[in-house]
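Just below is one structure, and these are the notes that go with it.
What follows is calculated from the coordinates using simple rules that are stated; it is not laboratory data. This structure is a prediction, so every number in the text was calculated from the model and none was measured. Glycine gets a Cβ as well: all are built from the backbone with ideal geometry, and neighbour counts include every protein chain shown.
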């Protein structure tokens, strides 16, 4: 299975870089693998939260219009 991955460049502070390095070593990943994994988890989690909020707000607006 081949994944269609998009290249992204980011700038990290020294503290963020050291944390990434520590996590990558602990998980036996290279820096790029660990950064991609962490960024993916964060992005999908945030997007899920926004989708839930959107659904709740949509229901609230529909309910309010029915009154």
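Over all Cα pairs of the chain, how is the pair count split among 10 Å bins, expressed in % and running from 0 up to the last occupied bin?
Going out from 0 Å in 10 Å bins, the chain shows 17, 32, 23, 15, 11, 3 percent.
Could you work out the helix-only [θ] at 222 nm for the chain, with each DSSP H run of four or more residues adding -39,500 (n - 2.57) and the total divided by the number of residues, to the nearest 500 deg cm²/dmol?
Calculated from helices alone, the mean residue ellipticity at 222 nm is -26000 deg cm²/dmol.
Full extension from residue 41 to residue 16: what is 0.36 nm times the residue separation minus their Cα-Cα distance, to one decimal in nm?
That pair, residue 41 and residue 16, stretches by 7.4 nm at full extension.
Mind ordering 18-24, 41-47 by average Cβ neighbours within 10 Å, highest first?
Answer by packing, highest mean first, reads 18-24, 41-47.
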